[in-house]
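The structure appears below as structure tokens.
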Amino acid sequence: MPNSPVPERHPRLLLALISSGVFLVQLDATIVAIALPAMQAHLGVGVGDLQWIVAGYTLMLAGLLLTAGTLGDRFGHRRLFLGGLVAFTAASALCALAPTFEALLAARILQGAAGSVLVPVSLALISTVFPDPRARAKAIGTWAGIGGLALAVGPLLGGVLVETFGWPSIFWVNIPVGVAAALALRRRLPAHGPQGTRSLDPLGQLLFAASIAALTYALIEGGRDWTATPVVAALAIAAAGLVVFVLWELRHPDPMVPIRLFRSPVVLVAGAVNLFGLLGLYGGIFLLTLYLQQVNRLSAAAAGLRFLALNLAIMIFSYLASVLAAKLGPRPPIVAGSALTTVGLLALTGLGVGTGYGQYWWALALLGAGVSLVGAPATVVLLSAVPPEQAGAASGISNTFRQLGSVFGVAVCGTLLVSHLRAELPARLPALPAAAIDALSSGDLSITDRLPIDLRQPAFDISARLLVEGLHLGALVAAACALLAGVAALLFLPRGDANRPLSQSQPQVRARRSRTPRRRV
């Protein structure tokens, strides 16, 4: 079916409606974080279970994004996008109605599966309906800005909703947005036929999803006991699965992931900066939510308000990133963003019990600015390096790195926290019974209110200090990752032309290098 042109009368409205997909997906990635303590109290779960409420969602996003992009290329982006939007809205209702942790986790997994369609297909739709490189770059900047807006308002909106209506309300809020967007897009979105003839790769999808799921399981459950048989087995499955996945994709005539693309430093660096940037952002939000509500004992609304500096920075710099990339090329904002992310995460190691907002708001602002400066330029770089018929697959690869960053951020930072608590609490609080130690090790400091009077304050003080130390460990690891990505961008990302696709500039770079005589050693 030939593609229909974009209606000239409503291009901005159409772009906003398409971007509603990434808005809902990103909103549910951060709005849940602020509700975790309320879920913990209501459902009676520990930090490990809270990690799964976040990771179950982002794991499905990361694991299915690649196939979703291919499905859009093969069967048409419009049909798949509308179906994903309806499914995401329905899954949100199931989350709100979930009576148990298991039911909530299952609904979150369904939500993530639907979200895996919305992100790459929305970006592919934008690439299709805005064929001009400059217009496409601006449209992608708007798309990233709307996603950044969702990331930004998530904690603040979530805090108000949780305190006013309870934690299920963070899922009910998706319903009117999803229904309105689906109805409007059904009327306004032009029909888009298949953009390519790529075949599906079910074995590759299974190998990739199983490997990432096994690795995530090992990272989360390893906080309890790294030597446990299930954890060791999961690590082995993840390693073997990824090796087999790469070998299979190299031999497949039409692979889900064109492995040979990763020979390009552009693809590797774009993936690394997105992965490590999101690792720091989501890991930081997860840890700070526990810190603000468990250690500093703030309400959900007050905790959400503390993320305001992060919110504003994400909103502002998500827009500025595309502008800077258009003027300067992708490398300067990516390097600067990685540096700001590193500094912001390192500054979080200065947090202590009772630290006031005035002492760390600027660290959150640096973190939000840094992550935002990386996102849009890296996405533009990757989409500019592939032909239009691979737009869905390329956007899937780009967003897979981002979602893997969010999965590993929560898993790694949460596990470092739990491991530290389990290692230190028994020696620091020998008078407490094993059940109390186990509850405190799960990050639930409210258990101290039910201890004997003479143990309440000492138990809280020690547990709070240990939780803060665990936060410091997570921030240090995330900062090291962001620094590594920034150095890689500085060393290996080509300068390129700010207004020329990298796929055009790279051959010229290779040609210049080929004329450079080699020195004898």
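Structure notes:
- Using all pairs of distinct alpha-carbon atoms, the Kirkwood hydrodynamic radius of the chain works out to 23.3 angstrom.
- Placing V54, V243 in order of accessible area, with the largest value first and a 1.4 Å probe, yields V243, V54.
- Normalised contact order of the chain, rounded percent, pairs of Cα under 8 Å and 6 or more residues apart: 23
- Rounded to the nearest 20, the Cβ-based charge dipole of the chain about its Cα centre (Lys and Arg +1, Asp and Glu -1) stands at 2380 debye.
- In segment 398-500, a dipole from Cβ-located charges (positive for Lys and Arg, negative for Asp and Glu) runs towards its positive end, and of L493, F401, Q457 it is L493 whose Cα lies farthest in that direction.
- Nearest 10 degrees, 0 to 90: helix 453-492 Cα axis against the chain principal axis: 20
- Top positive-direction residue, dipole computed over the chain with Cβ charges, set Y57, L417, V353: Y57
- Rounded to the nearest 20, the size of the Cβ-charge dipole of segment 248-371 about its Cα centre is 120 debye, with Lys and Arg at +1 and Asp and Glu at -1.
- Inter-centroid distance (Cα atoms) of segment 45-106 relative to segment 127-146, Å: 25
- Once the trypsin sites (Lys or Arg not before Pro) in DSSP loops with at most 11 neighbouring Cβ atoms within 10 Å are cut out of the chain, the longest remaining piece is 10-517.
- In segment 72-184, Cα pairs under 8 Å separated by at least six residues give a relative contact order of 37 percent.
The values are calculated or read from the model by the stated rules, or taken from the named source; none is laboratory data. Note that the structure is a prediction, hence the values are computed from the model and not measured. Cβ atoms come from the backbone with ideal geometry, glycine included; neighbour counts cover every protein chain shown. Each accessible area value is taken on the protein alone, full model and side chains, heavy atoms only, with ligands, DNA and RNA left out. Shrake-Rupley method; radii C 1.70, N 1.55, O 1.52, S 1.80 Å.
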